[in-house]
């Protein structure tokens, strides 16, 4: 018989699917490993069951979001699905950064994200690739309606990055630690209008089965030809609706 405690323990070891981009893999950190990384950062056991390394000590040295994410996870394990992923360079199998949403979607379906790239890998497009992968994944999740990205207005690289995606500047807020931040947002609907085709270049693989066993399996991939056919059908449907017509998708 499975007890409530057993369910909690199992959930703490569950990792979400790996998001695989052109150069990066985004590996989700389980709740138990997240707590270990924060409370015992020199404990190398969290790398025992993975095929990548952390030579740049990402999330070990320097500024880290773990001081916010770990208390949230301890309060509610289920929220961890939205949290920290390693940015793993596929070519070298090295961690070069991390990316995480700030929490589950709020009552308005809004998701805010943050990321950090090690300075050795700045201005090489890794931030763009990580954000694209995370937002494409999030767009497929229930209840997600809007993406938000906040940035120091003096950080030209980050401002340029979010503007590259076409996010709109909607205001400013004062962060307790970082001071003034500009707020950029985009609806999931508008995001997918621009970037849904990128699913042809993105695949998602299973990280494990909740018992710590790696079981890689390709579960989502769309060829460019398939995307082209689907995009054409979607455009024809949209065009018909604009003319007030009814069309069935065959």
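Each value in this text was obtained by applying a stated rule to the coordinates, not by laboratory testing. Here the structure is a predicted model, which is why all the values come from computation and not from measurement. In this analysis, Cβ positions are derived from the backbone assuming ideal geometry, glycine residues included, and neighbour counts consider all displayed protein chains.
Observations on the model:
- For q = 0.11, 0.16, 0.17 Å⁻¹, Debye-computed log10 I/I(0) when each Cα of segment 1-158 counts as one equal scatterer: -0.43, -0.93, -1.06
- Treating r as the C-beta distance of residue 23 and residue 176 and R0 as 45 Å, the FRET efficiency rounds to 0.85.
- Proxy reagent accessibility, fewest Cβ within 10 Å first, across 148, 57: 57, 148
- Extending 7 Å from Cα along the Cβ direction at residue 93 and again at residue 194 yields two label points whose distance is 3.6 nm.
- Sequence of 158, 45 once ranked by neighbouring C-beta atoms within 10 Å, starting from the fewest: 45, 158
- In plain terms, the chain from residue 107 to residue 155 could stretch by 14.3 nm, reckoned as 0.36 nm per residue minus the Cα-Cα distance.
- The largest-to-smallest principal axis extents of the Cα set in segment 71-135 are 37, 23, 18 Å.
- Base-10 log of normalised Debye intensity for segment 128-194 (one unit scatterer per alpha-carbon) at q = 0.15, 0.27, 0.29 Å⁻¹: -0.49, -1.22, -1.30
- Ordering 19, 183 from the fewest to the most neighbouring beta carbons within 10 Å gives 183, 19.
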